[in-house]
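As structure tokens, the structure follows; a few thoughts come after it.
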Amino acid sequence: MKATLLNIILVYSYFVLFYFIAINFIYLLLLVIASKKLFYHKARRGLSFCRDKYCALIPDVAIIAPSFNEELTVVESVWALLQVEYPNLEVIVVNDGSKDRTMDVLREKFNLFPISYAAEQVLKTKRVQQVYASMLDERLIVIDKENGGKADALNVGLNYSRSRLFCGIDADTLIEKGALYRIVSPYLERDSKTVAVGGIVRVSNDCKIVKGEVTEVNLPENYLAATQVMEYIRAFLCGRMGWSELDALLIISGAFGLFERKAVMEAGGYRTDIVGEDMELVVRLHRIMRDKKKDYKMVFVPEPVCWTQVPDTLKILSKQRNRWQRGLIESVIYNFGMFFNPKYGSAGVLAMPYFVFFEILGPFVEISGYIVFVLCFLFNWINFGYFALFLAVSIVFGTLLSLYSLLLEEFTVKRYEKLADILRLFALAVLENFGYRQINSWWRFVAMFDFFFKKNRSWGEMARKSYG
């Protein structure tokens, strides 16, 4: 019996080692694929872009900003949206039944007055109480509605929007002035079949912000926030760009993405009964487009940037990561017919299996793998060389991939200019593998049990801080 158990443990240790090798190989492959495209984008960035020439051609865009208990940041956020450079723009702020002074602050700062405003009412939502226009800027519409969650608020914005494209963002998101010109560019290409575009999200903590614009980029002093900068660089420049090049982009950040409004409305809008509405919408669009045999593209472009606050405490960060993991599981389950199904192209054959085996099951394998390898080493069931190989694959290789991502950032879409910030980022690329990565895996591991045993269905509030 003891020998059988030992054999099972040893076999599992080999499986874990192979698993770590496989996932790091996939990361490396995505980085290589992303590198070529990033240098291409860097070359294009140097070319002049005559905006006036395209004014008659570029499509209308609605920015939809759900807002719930955002009185500390909503004014700066709305001012930032109104300063976005784009000729055909709607700014729709949806107050989702806030319990603080969010609505009062909006009325006071933007001189709002009630209006009658016709909506399509295609998507079923919670009741809209009143629609307001602004005396300061005719592009601004504020909708006051009953609380129904972020997805419901986005659906309200879709009903009231009159634009061809829409950009759903978080309430604290700051979009750079020229970002819409860049994110809309795939729609301007000849014979474009684009239905969704994702841009890059960057961390605004400790950046200098004046009137809703990031005027000085700083790496956060807080360790948790600074480490998330490293995460975001790796996730967007490696993951999103790589999957985009493979025509298998399944995630477009809810903080900054541009969609064909008609396509989303026909797909039923955002689901309001889940916590991962942004990813689920993208996966569902892939499925519906393939089912209808439509030619389409979903892409990621690295130049358009938005800035957002990230959690700087373990408590808030753990809730966020728990929600992200549950949202990922929901997105896969509700569209599981795509799994390994060639009908859905690379999204079904490549991306879906990756997310199932490495993103959903990954935390379980990683946590159990650490436990098994430590036990094997302590009881001399494996030799030191094998244990060292495991550490090299699980930690050293991960560190090298992070360093590669940072170098890619430095040579293409560089944003951190201060030498001290750059050196700290390279240090974080190493340090995140000792503690931070493991606790993240633990949070995601717990999220699996929360989902399957229905212990946690909450969205998880993000504590905002004033930009002032």
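First select every other residue whose beta carbon is under 11 angstrom from the beta carbon of ARG261; then total the charges, Lys and Arg +1, Asp and Glu -1.
Here the charged neighbours net out to -2.
Volume per residue, Å³, of the convex hull around the alpha-carbon atoms of the chain?
Output value, Cα hull per residue: 152 Å³.
According to the Kirkwood expression over distinct Cα-Cα pairs, how big is the hydrodynamic radius of the stretch 135-238, in Å?
Mean inverse Cα-Cα distance, inverted, gives 16.7 Å.
Which net charge results when you count Lys and Arg as +1 and Asp and Glu as -1 among the other residues whose beta-carbon is under 14 Å from that of SER134?
With Lys, Arg at +1 and Asp, Glu at -1, the net is -2.
Can you check what the net charge comes to around ARG437, using other residues whose Cβ is under 10 Å from the Cβ of ARG437 (Lys, Arg +1; Asp, Glu -1)?
Residues close to ARG437 contribute a combined charge of -3.
Among ARG261, ARG415, which comes first, second and so on when ranked by fewest other beta-carbon atoms within 10 Å?
The most exposed by this proxy come first: ARG415, ARG261.
With the cut-off at 1.5 for a/c, could you classify the stretch 254-306 from its C-alpha gyration tensor as rounded, prolate or oblate?
Oblate shape, in that a/c is at least 1.5 and b/c is the bigger or equal ratio.
No lab work stands behind these numbers, since they all come straight from the coordinates. As the structure is a prediction and not an experimental result, all values here were calculated from the model. Every residue, glycine among them, receives a Cβ derived from its backbone with ideal geometry; neighbour counts consider all protein chains shown.
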